Amino acid sequence: MSWQRARQPGQKAERVATILEAAATLFDEKDLADISMRDVAATAGLGKASLYHYFSTKEEVFICLYRAELHDWLLDVESRLKRLRSPTPKRIAKSLTEAIRNRNRFCRLTVVLASVLERNLTTDFLREFKLSLLGPLERCSAALQSVRPEMSAAAVQEFIIQHHAVIAGLWPLAHPSEEVSTLMKEDEFRGHQVDFYRTFESTIRQLMQPQ
């Protein structure tokens, strides 16, 4: 495919969406460290030079992919929490667990967000990214307070940070390298295997308990 540089906002949005789709396809197959800008360009069907018209670094590409995944996750969370009847900590924890089930891409991007993606960015880009998160965070806070009105705004904000931290810390433990995964199948280590969703739900339930 031979692309000309997009001139209209609609064209640019379409091109960016195609690039992010290509990045998602690659990320579902490989570790982030094994993906290059050349790979993204080739999968999107454009030249590497053309890719740089839209994104300056690989981190920019994948941080925008994270933002798209975050948006989809948030829509699911809002929908699930709205459907809850008699929302107990146990039911809320179950809903939040189901909201990330099968969202491997979102979880994996969460793992590398602070340590990898928020690097190699200009201050202006990073500021725009952080500002773009304020709206989703407010919506997430509102959704949580709708089912736990007794929680203060500060408590909800802290819970959102904890929710992020649980994913970022627990996912690598539950999805170790192939070598570690093989080792953990041996009899003496079987009891130390981590079930991500079970442990996530249990942790979230505890965090939701009244203090």
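The values are calculated or read from the model by the stated rules, or taken from the named source; none is laboratory data. Only a predicted model underlies this, so the values are computations on that prediction, with no experimental measurement involved. All Cβ positions, glycine included, derive from the backbone under ideal geometry; neighbour counts span all protein chains shown. These area figures cover heavy atoms from the full protein model, side chains too; ligands, DNA and RNA do not enter into them. Shrake-Rupley method; radii C 1.70, N 1.55, O 1.52, S 1.80 Å.
How far apart, in nanometres, would the label points at Tyr52 and His71 be if each is projected 7 angstrom from Cα along the Cα-to-Cβ direction?
Spacing of the two 7 Å Cα→Cβ label points: 2.7 nm.
If each of Leu134 and Asn120 carries a label point 7 Å out from its Cα toward its Cβ, how far apart are those two points in nm?
About 2.9 nm separates the two model spin labels.
With +1 assigned to the C-beta of every Lys and Arg and -1 to the C-beta of every Asp and Glu, and no other charges, what is the dipole magnitude of the chain about the Cα centre in debye, to the nearest 20?
780 debye
What does the extension gain come out to for Gln206 and Lys90, with contour length at 0.36 nm per residue minus their alpha carbon separation?
40.9 nm
Let me know the charge dipole size of region 94-211 about its Cα centre in debye, to the nearest 20, where only the beta-carbon of Lys, Arg (+1) and Asp, Glu (-1) is charged.
Charge dipole, region 94-211, about its Cα centre: 360 debye, nearest 20.
Roughly how many Å² of Lys185 are accessible to a 1.4 Å probe, to the nearest 10?
Approximately 120 Å² of Lys185 is accessible to the 1.4 Å probe.
Which lysines have a Cα lying under 27 Å from the Cα of Lys94, excluding residues fewer than 8 positions away in the same chain?
Partners found: Lys82.
Of the heavy-atom accessible surface of the chain (probe 1.4 angstrom), what whole percent is carbon and sulfur?
The value for the chain is 51 percent carbon and sulfur by accessible area.
Note down the nm distance, to one decimal, between modelled labels 7 Å out along Cα→Cβ at His175 and at Asp31.
Inter-label distance under the simple model: 1.3 nm.
In angstroms, what radius of gyration and Dmax does the chain have, counting Cα atoms only?
Here Rg and the maximum Cα pair distance are 19.4, 61 Å.
Given a cut-off of 17 Å, what percent of all Cα-Cα pairs of region 8-55 lie beyond it?
The proportion of pairs with Cα distances above 17 Å equals 28 percent.
Placing +1 at every Lys and Arg Cβ and -1 at every Asp and Glu Cβ, with all other atoms neutral, what dipole size does region 8-55 have around its Cα centre, in debye to the nearest 20?
320 debye
Report, in deg cm²/dmol and to the nearest 500, the calculated mean residue ellipticity at 222 nm for the chain, where each DSSP H run with n ≥ 4 adds -39500 (n - 2.57) and the sum is divided by the residue count.
-22500 deg cm²/dmol
Please report the relative contact order for the chain, taking Cα pairs under 8 Å with a sequence separation of at least 6, and give it as a percent rounded to a whole number.
The normalised contact order for the chain reaches 20 percent.
Per residue, how large is the accessible surface of region 8-55? Use a 1.4 angstrom probe and give square angstrom.
53 Å²
Mind ranking Glu78, Glu29 by accessible surface for me, highest first, 1.4 Å probe?
Final ranking, largest accessible area leading: Glu29, Glu78.
Please give every one of the aspartates and glutamates within straight-line cross-link reach of Lys48, meaning a C-alpha to C-alpha distance under 17 Å, and leave out same-chain neighbours fewer than 8 residues apart.
Those aspartates and glutamates meeting the cut-off are Glu21, Asp34, Asp39, Glu59, Glu60.
Can you pull out the GluC sites (Glu not before Pro) in region 104-171 that DSSP calls coil and that have at most 16 other Cβ atoms within 10 Å?
Glu118, Glu150
If you count only protein heavy atoms and use a 1.4 Å probe, how large is the accessible surface of Thr199, to the nearest 10 Å²?
40 Å²
Filter the DSSP H helices in the chain by two things, a Kyte-Doolittle mean of at least 1.0 and an axial alpha-carbon span of 27 angstrom or more, and list the hits by number.
Going by DSSP H runs, the hits are 153-174.
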